[in-house]
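The values are calculated or read from the model by the stated rules, or taken from the named source; none is laboratory data. In this text the structure is predicted, and so the values were computed from the model without any measurement. Every residue, glycine among them, receives a Cβ derived from its backbone with ideal geometry; neighbour counts consider all protein chains shown.
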Amino acid sequence: MNRAFTSLPATIFDVMSGLAREHGAINLGQGFPEDDGPLALREVAARALLESSNQYPPMRGLPETREAVAAHYNAHHGLDLDWRTEVTITSGATEAIAASLLAVVEAGDEVVLFEPMYDAYAPLVARAGGVPRYVRLEPPHWRITETALAAAFTAKTKAVLLNTPLNPTGSLITAEELALIARFCVAHDAIAISDEVWEHVVFDDARHHTILNAPGMRERAVKIGSAGKMFQMTGWKVGFICAAPALTEVLAKAHQFLTFTTPPNLQRAVAEGLALPKSYFEQTRAEFARGRDRLAAALTEAGYAVLPCAGTYFSCVDLKASGVSLSDTEFATRAVKEAGVATIPLSAFYATAPDAQVVRLCFAKRDATLDEGARRLSAMREKLA
């Protein structure tokens, strides 16, 4: 069996969600909203399933969906994408990441990764034959420095895989940090693969910056997006790869031999969703920001040190700064078993054990869920004092 996978433990999401079911806990661990997304888009998908073709759509995606992606990114990021040669529709963003790594990385190539990181990154790099080189980010602001990049980039660097907004920290990579990454990519002739699935979930007048707009990156960067994150329907698994034509030719071939294509009814619904007015995305951001603030206020009142959150569905609690002596794994295990709240320990998102003791909570939930989760964690905090 392939050691890239046999060596992996059960994912932290399986572990914590299983414990949540076993103990009847509130699940603030896995990152999905409790609501099922826009009804109008679900109706489009349902009608298309019944009234349109359910046979193979074009491998790179329906023309109407690819056109919609290009138009959307022109309106929101000022990108001038040719939908025919620079946009590919994938079966979710994780498939897009896998296709991008398989297209770019060969055995022995080094790939720069920022930790804490989405847990699929390192296994997918290994599956492509790559060698990870880690840049460790530190709380509370998780900033990228020139010193750290200089230590990670080498003559063998083939690619850098970044995520902004960053799951699990809820931080944003600034335009200045993207320019810094771009400078190293150009100097080392490396490709940047940018996971930007949370691009519309940013708060407090912050602005998402895409790698394709960074200096010198238009021809050497891959931008990945997700309809599931845009429209709060994480089970839809419709992703986008945007890259220059020369890159797209190879990326599409990798996609072809992974999932080949993506359900056409979902593509048709996503095309309509991408054309929604900016006010839709602004309202959605405001609703998530309200949930973030509601949970943060309750946890702060309970004595927890809540870290800044500029984007994503996630807030993080610094246990050490909260005066909690437990490790993040110990805290998360006790929280789900004793307090009835599932969280995620951030140590699961590192290649090696971090110094930080941080847990992640999802605030994309109904008010009643957030309030009860905070109440239970408050009671736990009192017992730990």
TODO: Could you figure out which of (1) touching a Gly at 6+ places or on another chain (Cβ under 8 Å); (2) part of a loop (DSSP other than H, G, I, E, B); (3) not basic (Lys, Arg) isn't true of ASP80?
DONE: (1)
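Do we have ASP328 as crowded, with 24+ Cβ neighbours inside 10 Å and without any contact (Cβ under 8 Å) to a residue 40 or more places away in the chain here? Show your work before the answer.
On the way: crowded, with 24+ Cβ neighbours inside 10 Å: yes; without any contact (Cβ under 8 Å) to a residue 40 or more places away in the chain: yes.
When the stated conditions are applied, ASP328 passes them.
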- [ ] State all residues of segment 5-22 that are in contact with a helix residue (DSSP H, G or I) (Cβ under 7 Å, 6 or more places away or on another chain) and surrounded by 15 or more Cβ atoms within 10 Å (Cβ to Cβ); if no residue qualifies, say none.
- [x] ILE12, MET16, LEU19, ALA20
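Of the residues GLY228, GLY239, only one is assigned by TED's automatic domain parsing to the domain that holds ALA75, in contact (Cβ under 8 Å) with a residue 60 or more places away in the chain and touching a Lys or Arg at 6+ places or on another chain (Cβ under 8 Å); which? Outline the logic, then answer.
Numbers: GLY239 fails: touching a Lys or Arg at 6+ places or on another chain (Cβ under 8 Å).
The conditions single out GLY228.
Do any helices (runs of 4 or more DSSP H) entirely within segment 1-69 hold 1 or more residues that are closer than 18 Å to LEU370 by Cα and assigned by TED's automatic domain parsing to the domain that holds ALA296, and if so, which?
Details: elements: 3-6, 12-23, 39-51.
Correct list: 12-23.
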Open item on the list: I'm checking my understanding of the structure. Among residues of segment 265-292 that are among the aliphatic types (A, V, I, L, M) and surrounded by fewer than 20 Cβ atoms within 10 Å (Cβ to Cβ), which one is farthest from ASP204 (Cα to Cα)?
Closed with: ALA275
Task: Flag for ALA302 being over 21 Å from ALA25 (Cα atoms) and of a type in the set (A, V, I, L, M, F, W, C) - done: no
TODO: Would you point out which residue out of ALA96, ALA159, ALA122 is among the small types (Gly, Ala, Ser), surrounded by 17 or more Cβ atoms within 10 Å (Cβ to Cβ), within 21 Å of the chain's Cα centre (by Cα) and assigned to a strand (DSSP E or B)?
DONE: ALA159
Task: Of residues in segment 26-52 being within 22 Å of PHE288 (Cα to Cα) and touching a helix residue (DSSP H, G or I) at 6+ places or on another chain (Cβ under 6 Å), the one surrounded by the most Cβ atoms within 10 Å (Cβ to Cβ) - done: LEU28
